[in-house]
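Single-structure report; data block below.
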Amino acid sequence: MKTTEPIVAIDGLTKVYGGNGTAVHALRGIDLSISAGEFVALIGPSGSGKSTLMAIIGCLDSPTAGTYALDGQRVDGLSGSALAKIRNEKIGFVFQNYNLLPKASVLRNVELPMLYAGVGGRERRERAMELLAKVGIADKARQLPAALSGGQKQRVAVARALANRPKMLLADEPTGALDSKTGHEVLALFQELHRNGNTVVLVTHDPSIAALAGRRVEIHDGLVRPAEAAA
Amino acid sequence: MSAGTGALRERLRSAWVEMRENPGRSSLQALGVMLGVASVLGGFSIADSQRRQADKLFVRIGGLDKLNVQPAAAVRDGTTPSAMETANLGLRGADAESGQSLDRPGIDGVSQQKTARVRVRSPYADQERQITGIAGDYLAINGYSVEEGRIFSAHDLDVAAPVAVLGKEAASVFFPTGEAVGRTMRVADTPVTVIGVLQEKVFRFREGQGNQFAWRNRVIALPASLVSRRMQGDSYQRLDRVTFRLPEVNALAGFAKQLDVLLTANHRLQRDFRLDDVAARMKKMRSQGDIYNMIFMLSGVLALLGGGMVNVNIQMATLKERVREVGVKMAIGAGGREIFKEFMTEALLLTAAGGGVGLAIGIGFSKIITASIGIPLHMEATSFAWAYALAAVFGFFFALYPAIKASRLSPMEALRYE
C-alpha cells in the first residue's frame, strides 16, 4: 500500500443537526486519513453517520467542529462557492441513483463539470468522448440517459466523475440500484480505476462490496470503529 | 479558460441547450413575455394608426395649417357704439392683403370668403342654399381641384363676373342630366354661368363610414366681389373670413402674433376681429391620442405584469423539478453564483426570444385590428423599442426571484430532494 501524502486528513470531526434540545449528533469525533491511491470503503448500517461523513468528505456539507484537510488544504469553514470549486476540481461523485441530468444528452452530462471548470468547447467534447470510450459507452454519447440501462447510466456517472481529473472518486452506494451482475461490472470498473492510480472512496452498507476495497473503515454511531480489514 | 466574452458565449450556448432540452417549460416562460410585448406593440400601433388618421382628417378639414380671421362683434349688447366703433369697417379684403404683405417666406396662400344664404334656381331645381363668395386662393387652400371647366380668373374676381363654380353635389342637384359647364343658373335672381365643376372630395375615417367631406361637395362658389355687390353685402365689401395657410404648422404661432398686431393697428385698435387660438389648437393636436397611448401602455404593462406572474409561477413550479437538477449541478461543481447566472441567462434568453415572437404577433395583431376597423396601419419604431424594452425590464425582474431562490439551495438538501 502506497502511503504518500494524505488526500483526506480528518481530525476530531463532529456534525450536529438541529440545536438546543433537539440536537442530533450525527458524527461525534471522527479521525480519518486517506492516502493518495487508496481504495477505501466506508461501511456502516443506515443511521451510523456514514452518509453525513460522505457529505462532509465530499464538501457537500460543512462540519460542526473538527478539522478537514483535502489534498493538503483546509476546507472546514469554507464558503459555499469555495466548496463548489473544490468539488469541481478535486472530487468526482458517483451516486446510487446516478443523478444524471435527465434531459441532457450523455455527452453533455459528462461535459458539464468541465463547463463549470471553464474548459473550452472543443477540449471538453474531446475529453468527454475519451472518457465515454474509457467506460465503454462511447456509442451512447448522443442519447438521453433514459435510453440507457442502469449499468450504462452508472458508467456515464463514472465518466462524468472523472471529467476534471479529480483527486478522489467518491461513490455512494454505486451498485445499490443495479442487479448483481452489472453491479459487479461497475465495481470492476472502480477497481480498474484504483489500479490506474485513482483514489477511490466507496460508501456502502454491504460487507461483500466493502471487501473489494483495500481498506475498510467502519462507522458506527458517529464514530470510526477501529476494526480494519486486512489489505 | 478564455476571457469574459468566451464565458458569456459559453453561458448563452449552455442556456440555449437547456431551453431546447426543456421545450415545455421554456415555451411557457416565453409565453408571458410574448403576449405582453404583443399587446404593448399592438396597443401603441393601433393608437398611432388611429391618431394618424385623426390628424389627417384634422389637416384636411382645414384645421392645422390654417389661420382664420373672422369678424367679431366689438360692440357689446346694450351699449351705444362709440364713434370709433361705428367708424370701423370690419373685416375686408384689405386685411387679407396687408396680412399677405407681412410677406413671410412661407405664406402658402390667402383666401377670402363671404357667405350668404340665398335662393338658387336652375331648370331642374329651386333651393335655398348657402353660397360662398371667394377670392384669393380659396379653392387651392381648401384642397379643391377642377374636374371640368375652369376656376375663376383674376379678371373674374376683379370685375365681379357673373360666373359660378359648383361642387360635385351641387352640380348633380342643379344639373342632374350632366353637362353643367356653360349652363346658366340664377343665384339670388342674378343669372350666372357655370364655368367649372369641382372634383368630388371624399374622406372616410374608416372604410364603409360616411363621407366626412360630403358638405364640401355642396359648395356653390362665386367671386366674392359678385356676392358683395349683387347678392348680400355692403359698399365696404366686408368679408366673413380671411384664411392664411402656412406650410409649417410650427410657424403658425409666430405668424398669428404678427398678424394680430398688424390688424389691430389697421382696425384703429378696435378688436372687431377674431384670430384662431393657435396655442389651443396645437395643444389639442398634441394631446390627441395621448389618452389612447396611456390606456394602451397601461394595458400592455398589465399584460406584461400578468405574463411576469405566469413566468414566476412556472419557474417556481419547475423549480421543484429543477431542485434535483440544481443539486446535481452543485455536486459536480456549480456554485450558487453559477446557478444564479444560469437561471438568469436562460430567463433573459427566453425574454429576448419571446419578445421577438411577441413583436411579430403584435404586428399581425395590429394589422388585423386596423383592417377590421378600416383604417390604414401605421407603426412607429419607438413602439417596437418601448415594447421590447418593457419586456426586457419585466423579464429581468421576474427572473430574479426564482434565480435567487435556486442559487441559495444547499447542495445536500437539493440532492436529497424528492
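For the reader, a short list of remarks on this structure follows.
- When each of B:A406, B:A371, B:A391 is tested for being under 23 Å from B:A30 (Cβ atoms) and away from every other protein chain (no Cβ under 14 Å), the lone residue that passes is B:A391.
- Restricted to the range A:173-231, the set of strands (runs of 3 or more DSSP E) holding at least 3 residues that are within 15 Å of the chain's Cα centre (by Cα) and under 19 Å from A:G150 (Cβ atoms) comprises A:200-204.
- Of all residues making up the range A:23-67, the number that are more than 13 Å from every other protein chain (Cβ to nearest Cβ) and in a strand (DSSP E or B): 19
- The set of residues in the range B:142-165 that are closer than 13 Å to B:K201 by Cβ and not small (G, A, S) comprises B:N142, B:Y144, B:V146, B:E147.
- Output for the range A:83-136, where each listed residue is away from chain B (no Cβ under 11 Å), buried (at least 19 other Cβ atoms within 10 Å of the Cβ) and assigned to a loop (DSSP other than H, G, I, E, B): A:V135
- Search result, residues across the range A:73-124 that are at positive phi and free of Cβ contacts under 8 Å to residues at least 24 places away in the same chain: A:G77, A:G118
- Filter result for B:M19 (within 14 Å of another protein chain (Cβ to nearest Cβ), surrounded by fewer than 18 Cβ atoms within 10 Å (Cβ to Cβ) and either more than 14 Å from the chain's Cα centre (by Cα) or at pLDDT 85 or above (or both)): no
- In the condition set (1) more than 45 Å from the chain's Cα centre (by Cα); (2) more than 17 Å from B:E413 (Cβ to Cβ); (3) among the small types (G, A, S), B:G356 is compliant with all but (1).
- Cβ-Cβ contacts under 9 Å between residues 6 or more apart (or on different chains), taken from a first residue in the range B:348-373 that is without any contact (Cβ under 8 Å) to a residue 24 or more places away in the chain and on the phi < 0 side of the Ramachandran plot to a second residue that is assigned to a helix (DSSP H, G or I) and among the polar types (S, T, N, Q), are listed as B:K367/B:S45.
- Residues (under 20 Å from the mean Cα position of the chain (by Cα) and either surrounded by 22 or more Cβ atoms within 10 Å (Cβ to Cβ) or assigned to a loop (DSSP other than H, G, I, E, B) (or both)) located in the range A:9-22: A:I10, A:L13, A:K15
- Among the numbered conditions (1) at pLDDT 90 or above; (2) under 30 Å from A:A171 (Cα atoms); (3) not aliphatic (A, V, I, L, M), the only one that B:F343 does not meet is (1).
- Out of B:R337, B:R324, one residue alone is surrounded by fewer than 18 Cβ atoms within 10 Å (Cβ to Cβ), within 14 Å of chain A (Cβ to nearest Cβ) and either part of a helix (DSSP H, G or I) or not charged (D, E, K, R) (or both). It is B:R337.
The values are calculated or read from the model by the stated rules, or taken from the named source; none is laboratory data. Keep in mind that this is a model prediction, so the values were computed, not measured. Backbone-built Cβ (ideal geometry, glycine too); neighbour counts: all protein chains shown.
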